[in-house]
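Report on the following structure.
The values are calculated or read from the model by the stated rules, or taken from the named source; none is laboratory data. Since we're looking at a predicted model, the values are computed, not measured. All Cβ positions, glycine included, derive from the backbone under ideal geometry; neighbour counts span all protein chains shown. What goes into the accessible areas is simple: the full protein's heavy atoms, side chains included, and nothing from ligands, DNA or RNA. Shrake-Rupley method; radii C 1.70, N 1.55, O 1.52, S 1.80 Å.
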Amino acid sequence: MRSFTITTRRKRRIMTTYIVLLTGNESAWAEMSEHQQAEVFERHEKFAALLEARGHQITGGQELTPSAETKTLTKSDDGKFSITDGPYAESVEQLGAFYTVESDDIDDLLEICQVLAEPDGAIEVRAAVDHGEEAAG
């Protein structure tokens, strides 16, 4: 797990890097009106504002292109590589976006992530692994 220390006048906090993965039904997004899509973007703005107000920090993130534009690389048992169009897993739910967030409170981060929840998708939050700490230790 990647972590670092932030020292402030108030207290010393150990921050962990989390990846927030946003999955959903791509066709549902495509079928939304502009007004409905604008409401989704407003929730992302609220998400960012809540994170900042409660001491978390967004350090990265991006909306991803549709899964139909994906290229997938696989390696067979005999060592040969294959590149195919489309996602590795055929599924209605696809990864559509992600955030990287520095946080010292996973429970609060999960509470804030509820702002982004959609009925046709899921939000997965994982701690990032920092192999630099393992190599140094």
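Does His44 fit the bill of being touching an Asp or Glu at 6+ places or on another chain (Cβ under 7 Å), within 14 Å of Val101 (Cβ to Cβ), surrounded by 10 or more Cβ atoms within 10 Å (Cβ to Cβ) and modelled with pLDDT of 95 or more? Judged against the criteria, His44 is not a match. Which numbered condition trips up Asp120, out of (1) charged (D, E, K, R); (2) over 17 Å from Val20 (Cβ atoms); (3) modelled with pLDDT of 90 or more? Failing condition for Asp120: (3).
What's the total number of residues in the stretch 108-117 that are modelled with pLDDT of 95 or more and open to solvent by 40 Å² or more (accessible area, probe 1.4 Å)? Here the count works out to 3.
Residues of the stretch 42-89 being within 16 Å of Tyr18 (Cβ to Cβ) and touching a residue at least 40 places away in the same chain (Cβ under 8 Å), which ones? Let's see the steps before the verdict.
To start, the set of residues in the stretch 42-89 that are within 16 Å of Tyr18 (Cβ to Cβ) comprises 47-48, 50-52, 54-62.
Residues satisfying the conditions are Phe47, Leu50, Leu51, Arg54, Gly55, His56, Gln57, Ile58, Thr59, Gly60, Gly61.
Are any of the residues in the stretch 41-49 touching a Cys at 6+ places or on another chain (Cβ under 8 Å) and under 17 Å from Leu110 (Cβ atoms)?
Of the residues in the stretch 41-49, the ones touching a Cys at 6+ places or on another chain (Cβ under 8 Å) are 47.
Those still in the list that are under 17 Å from Leu110 (Cβ atoms) too: 47.
So far as the stretch 41-49 goes, yes, one or more of its residues are touching a Cys at 6+ places or on another chain (Cβ under 8 Å) and under 17 Å from Leu110 (Cβ atoms).
Scanning the stretch 1-38 for residues that are open to solvent by 80 Å² or more (accessible area, probe 1.4 Å) and at pLDDT 90 or above, we see that the one that is nearest to Tyr99 (Cα to Cα) is Gln36.
Mind listing whichever residues of the stretch 61-96 are at pLDDT 95 or above and surrounded by 15 or more Cβ atoms within 10 Å (Cβ to Cβ)? Selection gives Gly61 alone.
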